[in-house]
2 protein chains.
Amino acid sequence: MKFYDCKTAPSPRRVRIFLAEKGIELPTVDVDLGSREHLGMEFAKVNPRATVPVLALDDGTCICEATAVCRYLEEVYPEPNLMGVDAADRARVAMWDHIAEMDGFFPVAEALRNGNPHFKSRALTGPVDVEQIPGLAERGRARVARFFDMLDQRLGESEYVAGERFSVADITALVAVDFSRIIKMGLENSHRNARRWHEQVSARPGVVK
Amino acid sequence: MKFYDCKTAPSPRRVRIFLAEKGIELPTVDVDLGSREHLGMEFAKVNPRATVPVLALDDGTCICEATAVCRYLEEVYPEPNLMGVDAADRARVAMWDHIAEMDGFFPVAEALRNGNPHFKSRALTGPVDVEQIPGLAERGRARVARFFDMLDQRLGESEYVAGERFSVADITALVAVDFSRIIKMGLENSHRNARRWHEQVSARPGVVK
């Protein structure tokens with residue numbers, strides 16, 4: 001197996017934390033997004049959709065999308081469990097992981113990519129250039145604020161995002177919260193439940209940068 | 001178990017097809033999105049995020065998000081298999097399902113909700129009203145066109161979206177293609193591989209409306 005990473009990017013950080021929580025070390029290729037290495041001919045053979053993370057299996061199959069990569073790793077390295085212990089628990093984890101991605105992670109990316117001059121013509125990931133929509137940066141920020149409120153409410157009901165155990169849903173939510181610093185957002189002082197959780201999960205040895 | 005559906009909506013159609021392919025019939029509640037039933041107090045107890053599908057388990061747990069609902073059903077009713085037969089296959093299915101959702105289904109919704117006067121103030125699903133961004137309707141359409149090109153290329157390489165067997169990734173991609181009719185899009189005549197696949201999967205008895 002080979003892990004295509006980019007040490008400064010939030011999407012592959014989801015997999016970096018997942019691996020560290022499992023205690024797995026994989027041969028890793030650092031893809032230089034800054035110099036647009038992911039948009040080059042060489043990387044197109046690995047992932048024509050031009051995103052990291054990617055997990056290349058020994059038979060040459062390339063698994064893209066953080067959620068699919070984590071799912072594979074969970075099966076191959078089942079302990080410690082990060083995706084649920086029975087059918088209902090696994091469904092709950094999958095649901096919260098999806099919510100954290102859709103309502104947390106993507107809105108941060110939307111606000112960043114549509115608002116920051118550095119991402120001009122790169123408003124979406126992928127091989128095709130896409131122009132920014134300034135109104136979408138603003139809408140993304142409003143969505144992030146709503147996500148933080150929802151997260152705070154949820155973490156008033158349960159210790160971790162998907163229930164009483166740390167799971168991949170905590171990883172996705174944590175990466176979204178930390179990613180929001182780049183758009184100068186973050187949990188508010190009033191988000192006491194979410195701040196309690198953030199401090200707790202950030203202190204885990206597996207929660208790497 | 002109880003399935004919260006809406007017979008005219010594409011997201012719960014993913015679950016309707018999944019159930020029909022498995023040969024499962026569940027007690028079903030049809031939520032009337034047209035009269036905004038999903039935005040009412042009663043449905044907020046089922047899903048505060050105000051979306052269908054939802055699968056209510058017998059212990060009262062509500063599983064939201066089509067992908068999590070399907071994952072639960074796959075575990076409880078494993079045959080016929082729709083999510084992969086080994087770790088690599090399951091990762092491939094999860095990857096393509098996610099791509100079909102992100103690059104196909106959501107861009108159709110984006111184009112529809114930001115461009116159609118019927119969705120004024122409803123540019124996003126969820127309990128909070130969100131204004132339309134006209135530029136996003138246009139960008140959504142361009143993304144759908146790129147998705148169809150990508151799908152056509154993929155279906156020139158393999159019989160089904162995730163490989164040589166019908167899977168949940170075909171369901172998500174099919175629902176996205178059919179959903180695009182509402183924004184007056186669809187596969188082009190030049191998409192010969194995707195049209196071959198569309199005809200084939202549409203003819204399955206489980207592929208219900």
Exercise. What is the distance in Å between the Cα centres of the range B:45-76 and the range B:152-168?
Worked result: 27 Å
Problem set entry | Rg and Dmax [Cα atoms of the range B:74-119; Å; Rg one decimal, Dmax integer] | 15.5, 46
Problem set entry | Residues B:LYS45 and A:ARG196, FRET efficiency given R0 of 30 Å [Cβ-Cβ distance, rounded to 0.05] | 0.70
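Given R₀ = 22 Å, what would the calculated FRET efficiency be for B:ALA145 paired with B:LYS120, taking r from the Cβ atoms and rounding to 0.05?
With a Förster radius of 22 Å, E is 0.35.
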Exercise. If you take the square roots of the eigenvalues of the alpha-carbon gyration tensor of the protein assembly as shown and sort them as a ≥ b ≥ c, do you get rounded (a/c under 1.5), prolate (a/b over b/c) or oblate?
Worked result: rounded
Problem set entry | Hz values of 3J(HN,Hα) by residue in the range B:147-163 - Karplus curve (6.51, -1.76, 1.60), Gly and Pro given as x | 4, 5, 4, 5, 4, 4, 5, 4, 7, x, 9, 8, 5, 10, 4, 9, x
For this session: Would you calculate the separation in nanometres between label points at A:ASP129 and A:ASP86, each defined as 7 Å from the Cα along the Cα-to-beta-carbon direction?
Result: 5.5 nm
For this session: State, to one decimal in nm and shortest first, how far the label point of B:GLY40 sits from each corresponding label point in the other identical copies (label point: 7 angstrom along Cα-to-Cβ).
Result: 5.9
Exercise. Rounded, prolate or oblate: which one fits the range A:130-191, using the alpha carbon gyration tensor with axes a ≥ b ≥ c (rounded when a/c is under 1.5, else prolate when a/b beats b/c, else oblate)?
Worked result: prolate
Exercise. Taking the label point 7 Å from Cα in the Cβ direction, how far apart in nm is A:GLU79 from each other copy of itself, listed shortest first?
Worked result: 3.2
Exercise. What does the helix-only formula give at 222 nm for chain B: each DSSP H stretch with n ≥ 4 adding -39500 (n - 2.57), the total divided by the residues, and the result rounded to the nearest 500 deg cm²/dmol?
Worked result: -15000 deg cm²/dmol
Exercise. Once a ≥ b ≥ c are taken as the square roots of the eigenvalues of the Cα gyration tensor of chain B, is the result rounded (a/c under 1.5), prolate (a/b larger than b/c) or oblate (a/b not larger than b/c)?
Worked result: oblate
Problem set entry | DSSP beta bridges in the protein assembly as shown [antiparallel fraction, %, rounded to 5] | 65 percent
Exercise. Hey, in the GNM for chain A with a 10 angstrom Cα cutoff, which one of A:VAL29, A:VAL144, A:VAL93 fluctuates hardest?
Worked result: A:VAL29
Seminar exercise, completed: With label points set 7 Å from each Cα along the Cα-to-Cβ direction at A:LYS184 and A:ASP58, the distance between them in nm comes to 5.1 nm
Exercise. Taking Cα pairs under 8 Å and at least six residues apart, what relative contact order does the range B:87-202 come out at, in percent?
Worked result: 30 percent
Exercise. Quick one: label points 7 angstrom along Cα→Cβ at B:LEU26, distances to the other copies in nm, smallest first?
Worked result: 3.1
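Read-outs throughout are calculated quantities, based only on the coordinates presented, and are distinct from any laboratory measurement. Here the structure is a predicted model, which is why all the values come from computation and not from measurement. Cβ atoms come from the backbone with ideal geometry, glycine included; neighbour counts cover every protein chain shown.
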